[in-house]
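Enquirer: One structure is given below, represented as C-alpha cells, and several questions about it will come after.
The values are calculated or read from the model by the stated rules, or taken from the named source; none is laboratory data. Just so we're clear, the structure is a prediction, and the values are computed from it rather than from any experiment. Note that each Cβ is placed from the backbone with ideal geometry, even for glycine, and that neighbours are counted across all protein chains shown. The area values use the complete protein model at the heavy-atom level, side chains included, leaving out ligands, DNA and RNA. Shrake-Rupley method; radii C 1.70, N 1.55, O 1.52, S 1.80 Å.
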Amino acid sequence: MQYGSVPGVDKSISRLVQGSTMLSTKQAEQSMALLDSVLEQGCTAFDTAHGYGGGDVERIFGRWVNERGVRDNIVVIGKGAHHNQDRQRVTPFDITADLHDSLARFKFDFIDLYLLHRDDPSKPVGPIVEILNEHHRAGKIGAFGGSNWSVARIQEANAYAAANGLKPFVASSPNFSLAIQKQAPWENCISISGPDGAAERAWYQETQMPLFFWSSLSGGFFSGRFRRDNLDTFESYADKLCVATYCTEENFQRLDRVAILAKEKGMSLAQIATAYVLSQPLNAFALVGCATPDEFRANHAASELKLAPAEIAWLELRRDER
C-alpha cells in the first residue's frame with residue numbers, strides 16, 4: 001500500500017481511501033467484516049459524511065471503530081455542510097450542527113480531516129474559515145479543507161487565513177477521472193478532469209495540496225457494463241446517472257484504449273482507470289467505494305501500477321501512439 005500525509009494529521013494516510021456509503025446498521029455484521037478486511041489490507045483512511053444514509057453510515061462506522069479499538073490507528077475523513085432541497089447550508093451554524101451530529105453518531109471526540117461537502121460562493125469565506133478554526137482550537141477537528149470547492153475559492157479562503165493568522169484549508173476533494181463529465185451528476189459539483197480542468201490541476205501540481213478524488217471510476221463507467229449499444233437498457237438511478245454523466249462517444253474512445261491497455265497488462269478496466277488517477281503528478285488519494293474485500297484487493301493492485309506519461313497521454317486521446 002502506498003501512503004501519504006496531510007498537514008495537521010499526524011498519521012500516515014493510505015492512497016486508497018475506503019468509502020462508506022455501502023455501510024448500514026441493517027447489515028451490521030457484513031459492514032463490519034468489510035471494514036475489517038480493508039483495514040487488514042493496509043487501508044488507514046476512511047471517507048464518511050454527515051448526509052450518508054441519513055446518519056446511519058456514521059453510526060455503523062463509529063460502532064466498528066469503537067468495538068475494534070482502532071481509533072488511534074486510522075484517519076477519519078468527515079464531511080458536512082451539504083445542501084438540502086430547501087437551501088444551501090455552508091454557514092457557521094450548519095457547519096457546527098453537522099460536526100456535532102457526526103461526533104455524536106461516531107461517539108468520537110474529534111475527526112482527523114473535516115471537509116466542507118459543498119461550497120456556496122455567495123457566502124464570504126471569512127466566517128467559514130473562522131468557524132473551522134474555532135472547531136480546530138477546540139480539538140474537534142484535526143485539519144480541514146473543501147470538497148467541491150474551486151481553486152479560486154480555496155485561494156480566497158487561504159488568503160483570508162493568512163491575513164488573519166488562522167489555519168488554512170489543507171486538502172481538497174474534487175472529482176477527477178479519465179472519463180470527462182458531460183454534465184455534473186449532482187448540483188454544485190466540481191470536476192478537474194479533462195482539458196477544462198487543466199488550470200486547476202496545474203495549481204494543485206505546483207502546490208502539492210493533497211487531493212481526495214471522488215468518483216475516479218466515473219460512476220461505474222469503467223466497469224465494462226456500459227456499451228455504445230445498450231445505454232437505453234439501464235433502469236437503476238445510479239446506472240441512469242452514469243449514462244447521463246459519462247456515456248459520450250469521446251469517453252467510449254477512452255474506454256476502448258483502456259481495454260487495450262488492460263489486456264496488455266493483465267489488469268481489469270477499473271484497475272487501469274484507478275492507476276490513471278494515481279499516476280498523475282499530483283498529491284493524489286483515491287476515494288474507492290469497495291463493497292467487497294476482493295474489490296479493495298483489486299484496487300490495491302491497481303494503486304501499485306504506475307502508468308508512463310506517454311500512456312496517460314494516449315488514454316486521454318492526446319496522441320495516437322504510446
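Enquirer: Around Tyr276, under 9 Å between beta carbons, what's the net of Lys plus Arg minus Asp minus Glu among the other residues? Provide the component values of the computation, followed by the final result.
Expert: Numbers: positive: none; negative: Glu311, Glu316.
Cβ neighbours under 9 Å give a net charge of -2.
Enquirer: Please list, in chain and number order, the residues 5+ apart from Ile111 or on another chain whose amide H is under 5 Å from its amide H, with Hs placed from the backbone.
Expert: Distant-sequence amide H within range of Ile111: Ile141, Gly142.
Enquirer: Distance check, please: which entries in Lys240/Lys263; Lys140/Lys167; Lys240/Lys306 exceed 20 angstrom between their Cα atoms? Could you put the intermediate results ahead of the total?
Expert: On the way: Lys240/Lys263 28 Å; Lys140/Lys167 14 Å; Lys240/Lys306 32 Å.
The answer is Lys240/Lys263; Lys240/Lys306.
Enquirer: Now for a different question. Cα-Cα pairs above 35 Å in the chain: how many percent?
Expert: On the way: 9315 of 51681 pairs.
Of all Cα-Cα pairs in the chain, 18 percent lie more than 35 Å apart.
Enquirer: If you plug each phi of region 160-175 into the Karplus form 6.51 cos²θ - 1.76 cosθ + 1.60 with θ = phi - 60°, what whole-Hz ³J(HN,Hα) values come out, in order, with x for Gly and Pro?
Expert: 5, 4, 5, 6, 10, x, 10, 6, x, 5, 10, 8, 9, 9, x, 7
Enquirer: So, in Å, what gap is there between the alpha-carbon centers of region 68-91 and region 255-322?
Expert: Region 68-91 and region 255-322 have Cα centres spaced 28 Å from each other.
Enquirer: Roughly what would the spin-label model give for Asn84 and Leu241, points 7 Å off Cα along C-beta, in nm?
Expert: 1.9
Enquirer: For n ≥ 4 DSSP H runs only, could you compute -39500 (n - 2.57) per run for the chain, divide by its residues and tell me the 222 nm figure to the nearest 500? It would help to have the intermediate numbers written out before the result.
Expert: Values: 11 runs with 132 residues, N = 322.
The helix contribution divided over the chain gives -12500 deg cm²/dmol.
Enquirer: Another question about this same structure. Would any residue of region 78-97 have its amide N under 12 Å from a label point 7 Å out along Cα→Cβ of Ala104? List them or say none.
Expert: Within reach of a label on Ala104, which here means backbone N under 12 Å from a point 7 Å along Cα→Cβ, region 78-97 contributes 97.
Enquirer: Something else: Quick one: if the Förster radius is 35 Å, what FRET efficiency do Arg71 and Ser223 give, using the C-beta to C-beta distance and rounding to 0.05? Walk me through the numbers before you get to the answer.
Expert: Working: r = 34 Å, r/R0 = 0.96.
E(calc), rounded to 0.05, equals 0.55.
Enquirer: What is the extension gain from Leu231 to Gln30, computed as 0.36 nm multiplied by their sequence separation minus the C-alpha to C-alpha distance, in nm to one decimal?
Expert: Numbers: separation 201, 0.36 × 201 = 72.36 nm, distance 3.21 nm.
Result for the pair: 69.2 nm of gain on full extension.
Enquirer: Restricting attention to region 40-140, which trypsin sites (Lys or Arg not before Pro) occupy a DSSP loop and are surrounded by at most 15 other Cβ atoms within 10 Å? Could the numbers behind the result be given before it?
Expert: On the way: sites: Arg59, Arg63, Arg68, Arg71, Lys79, Arg87, Arg89, Arg105, Lys107, Arg118, Arg137, Lys140; in loops: Arg87, Arg89, Lys107, Arg118, Lys140.
For trypsin sites (Lys or Arg not before Pro) across region 40-140 that sit outside H, G, I, E and B with at most 15 neighbouring Cβ atoms in 10 Å, the list reads Arg87, Lys107.
Enquirer: For the chain, report the accessible area per residue in Å² (1.4 Å probe, heavy atoms, rounded to an integer).
Expert: On the way: 13890 Å² over 322 residues.
Computed with neighbouring chains in place, this is 43 Å² per residue.
Enquirer: Okay, moving on. Highest GNM mean-square fluctuation, the chain, Cα pairs closer than 10 Å: which of Ser172, Ser20, Ser268?
Expert: With Cα springs under 10 Å in the chain, the top fluctuation among Ser172, Ser20, Ser268 is at Ser268.
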